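> Sharing a structure with you now.
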Amino acid sequence: MTAVSLSEAASGVPTLPLKPRADLIVCPRCDAVFALKRPENGQRAVCQRCATVLITPRRKAGLQIIALSVAIVILILGAAFFPFLSVHAVGASNSVSIIDAALAFSDGPLILLSLATAALIFLIPLCRVLLSLYVLVPLVADRPPARHAARAFRLAETLRPWSMAEIFAIGCAVAVIKISDLADVTFGPAFWMFAALVVLVVVQENFICRWSVWNALSTRRKS
Ligand SMILES: [Zn+2]
């Protein structure tokens, strides 16, 4: 990938424009303003001040993101309900799914903890994937954006820091190492689904060019 250099436009902007200007791009991290120059497919535009990636257009990225998102939905559902771990100790064995584990506290004062765990591990990642499918499917199919698509995409972006599937995976690894001295632990199918899920979420995140989505949403709304 080559970086396209964007010229800083701060000096050329005497007053704040009232309408959003299609010829400028603002770095979401450091607020630097640049004159917009659209990179070719496979290139990317980065902020000269803080190196945040601003635009990464890719050929057929939309279809790939949709395929990844569908795979993520299937993996989230599988990882929730299939057995995650089996523990064998002194002749007894027990296997548990993540939903069982999250609901284990649901009838006591820890119900809030149980709901928060289920939300951070599953519901929020699932919500984000469904929202991005809702936004992207009409765009990729060359149709006008779905109703409230901009709001849906903004919500998906707002939820991003709260999607903590990978942190749960690290927690599990630590817990398994701790109990492996006491009992015989084997991973169930949900563990491997979960591992694949964590990787796919990162890949999908990196495939989405947020500028391209916002640009498509705003230009198609006008036409
Ligand atoms: Zn920046």
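The values are calculated or read from the model by the stated rules, or taken from the named source; none is laboratory data. Because the structure is predicted, anything quoted here is derived from the model rather than measured. All Cβ positions, glycine included, derive from the backbone under ideal geometry; neighbour counts span all protein chains shown. When the accessible area is computed, the model is the full protein with side chains, heavy atoms only, and any ligands, DNA or RNA have been set aside. Shrake-Rupley method; radii C 1.70, N 1.55, O 1.52, S 1.80 Å.
> Sort through A183, A152, A169 and tell me the only one that's at pLDDT 85 or above and among the small types (G, A, S).
Result: A152 is the single residue among A183, A152, A169 that is at pLDDT 85 or above and among the small types (G, A, S).
> Could you grab me the full set of residues in the stretch 63-75 that are over 16 Å from V198 (Cβ atoms) and crowded, with 21+ Cβ neighbours inside 10 Å? Give the derivation first.
Step one: of the stretch 63-75, the residues over 16 Å from V198 (Cβ atoms) are 63-67, 70.
Selection gives I65 alone.
> Also, quick follow-up: Only residues in the stretch 31-47 that are over 21 Å from R58 (Cβ atoms) and outside the structural domain of F207 (by TED's automatic domain parsing) count as the first member; pair them with residues that are part of a loop (DSSP other than H, G, I, E, B) and at pLDDT below 85, Cβ under 8 angstrom, at least 6 apart or cross-chain, and list the lot.
As it stands, the answer is V33/A9; V33/V13; A35/L6; A35/S7; A35/A9; A35/D23, since those pairs meet every condition given.
> Another question, then. What's the total number of residues in the stretch 76-99 that are out of contact with any strand residue (DSSP E or B) (no Cβ under 9 Å at 6 or more places or on another chain), open to solvent by less than 30 Å² (accessible area, probe 1.4 Å) and among the aliphatic types (A, V, I, L, M)?
Residues that pass the stated criteria total 1.
> Starting from the stretch 119-142, take each residue that is under 17 Å from R210 (Cβ atoms) and list its partners that are open to solvent by less than 60 Å² (accessible area, probe 1.4 Å) and aromatic (F, W, Y), counting only C-beta distances under 6 angstrom and pairs at least six apart or across chains.
Qualifying pairs under 6 Å: V135/F153.
> Out of the residues in the stretch 44-61 meeting the condition of being open to solvent by 40 Å² or more (accessible area, probe 1.4 Å) and at pLDDT below 85, tell me which one is nearest to the ligand (Cβ to nearest atom).
R58
> Just checking, does the stretch 103-125 include any residue being charged (D, E, K, R) and within 16 Å of G62 (Cα to Cα)? Steps first, answer last, please.
In the first step, residues of the stretch 103-125 are kept if they are charged (D, E, K, R); the result is 107.
With the extra rule that they be within 16 Å of G62 (Cα to Cα), the set shrinks to none.
No, there is no match, as no residue in the stretch 103-125 is charged (D, E, K, R) and within 16 Å of G62 (Cα to Cα).
> Restricted to the stretch 79-116, and to residues that are within 21 Å of the chain's Cα centre (by Cα) and under 14 Å from F187 (Cβ atoms), which residue is modelled with the highest pLDDT?
The residue in question is A79.
> Does the stretch 19-43 hold any residues that are within 15 Å of the ligand (Cβ to nearest atom) and of a type in the set (A, V, I, L, M, F, W, C), and which are they?
Of everything in the stretch 19-43, those that are within 15 Å of the ligand (Cβ to nearest atom) and of a type in the set (A, V, I, L, M, F, W, C) turn out to be L24, I25, V26, C27, C30, A32, V33, F34, A35, L36.
> From the list V176, V135, pick out the single residue that is touching a helix residue (DSSP H, G or I) at 6+ places or on another chain (Cβ under 8 Å), surrounded by 13 or more Cβ atoms within 10 Å (Cβ to Cβ) and assigned to a helix (DSSP H, G or I).
Answer to the selection: V135.
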